[in-house]
Amino acid sequence: MAGFTIKIDCNDDAFWRYNYVVMCSVRRGGEEVEFLKHRSEIAPVGAELCEKPKGYSAERGVVLRSGDADELTLYIYVIPHTLPRENSTRDIAPLNMSLIVDHGTKSILKRWVEINPWSGENIELNLKG
């Protein structure tokens, strides 16, 4: 049996406008054996900051590792606290978030997820090792 490794990262310059939460229900034989959680909060929702906060670090990626398991339900919530100044989708591209999930030494998911600049994103993935 092996554990899961979840890697999430976003190198987009506008990522400072978003908080994000990652949660993982880790199961073995159908029973939850572990619950992992990570939260990266820059500002309260609705803050509408005029610029990046002083001391902001663009290194906001996360790596979560579970114990031995065979199933994973992954939840990712990307929540804007400061909306883009642009008013049209033609004026701004979605953010791209990298998502990689390994089970032991085997890669089971590798994808780029597009994040809507105004609404953020809610992602739920059910994976088996």
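Scanning segment 1-16 for residues that are more than 16 Å from ASN122 (Cα to Cα) and either open to solvent by less than 20 Å² (accessible area, probe 1.4 Å) or over 11 Å from the mean Cα position of the chain (by Cα) (or both) yields MET1, ALA2, GLY3, PHE4, THR5, ILE6, ASN11, ASP12, ASP13, ALA14, TRP16.
For segment 68-91, filtering for residues that are closer than 23 Å to GLU41 by Cβ, touching a residue at least 60 places away in the same chain (Cβ under 8 Å) and either part of a strand (DSSP E or B) or open to solvent by less than 50 Å² (accessible area, probe 1.4 Å) (or both) leaves 8.
Looking across segment 54-67, the residues that are open to solvent by less than 60 Å² (accessible area, probe 1.4 Å) and either closer than 23 Å to MET1 by Cα or among the acidic types (Asp, Glu) (or both) come down to LEU64, SER66, GLY67. Scan segment 19-33 and give yes if some residue there is of a type in the set (Lys, Arg), in a loop (DSSP other than H, G, I, E, B) and in contact with an Asp or Glu (Cβ under 9 Å, 6 or more places away or on another chain), otherwise no. Within segment 19-33, not a single residue is of a type in the set (Lys, Arg), in a loop (DSSP other than H, G, I, E, B) and in contact with an Asp or Glu (Cβ under 9 Å, 6 or more places away or on another chain).
The values are calculated or read from the model by the stated rules, or taken from the named source; none is laboratory data. Everything numeric in this text was worked out from a predicted model, so none of it was measured. Ideal geometry is used to build each Cβ from the backbone, glycine not excepted, and the neighbour counts take in all protein chains shown. Please note that ligands, DNA and RNA were not included when accessible areas were found on the heavy atoms of the full protein model with its side chains. Shrake-Rupley method; radii C 1.70, N 1.55, O 1.52, S 1.80 Å.
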